[in-house]
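Derivation of every value follows stated rules applied to the coordinates shown; laboratory data play no part. In this text, all values refer to a predicted model and were calculated from it rather than measured experimentally. Glycine also receives a Cβ, built like all others from the backbone with ideal geometry; neighbour counts cover every protein chain displayed.
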């Protein structure tokens, strides 16, 4: 919607509603911008759980030292990611 179309729609509003809109815009203009808060890992997990992307959130008790010692196996040839990209073409 262009600014002209928006202005045309605003003119159709009752005077009281236009006044409320103007007051809200003035308040918005005078308020300092809110600082952006980075999302935490816990919040990401909650969002994924709510959307059904993950079934549960693993607890820290599920984490073992074995997870930390993980070493990937090196295989000869191109990286798997390159092979997948080529096959998709």
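See the values below:
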{"item": "Label-point separation in nm, residue 43 to residue 31, each point 7 Å along Cα→Cβ", "result": "1.7 nm"}
{"item": "Rounded to 10°, Cα long-axis angle of helix 41-50 versus longest principal axis of the chain", "result": "80 degrees"}
{"item": "Overall Cα dimensions of the chain - principal axes, largest extent first, Å", "result": "72, 42, 27"}
{"item": "Folded to 0 to 90 degrees: helix 15-30 orientation relative to the chain principal axis, Cα", "result": "50 degrees"}
{"item": "Exposure proxy ranking, count of Cβ atoms within 10 Å, fewest first, for 19, 11", "result": "11, 19"}
{"item": "Structure-based [θ]222 nm, the chain - -39500 (n - 2.57) summed over DSSP H runs of at least 4, per residue, nearest 500", "result": "-15500 deg cm²/dmol"}
{"item": "Simple label model, 7 Å out from Cα along Cβ direction - residue 57 to residue 85, nm", "result": "3.5 nm"}
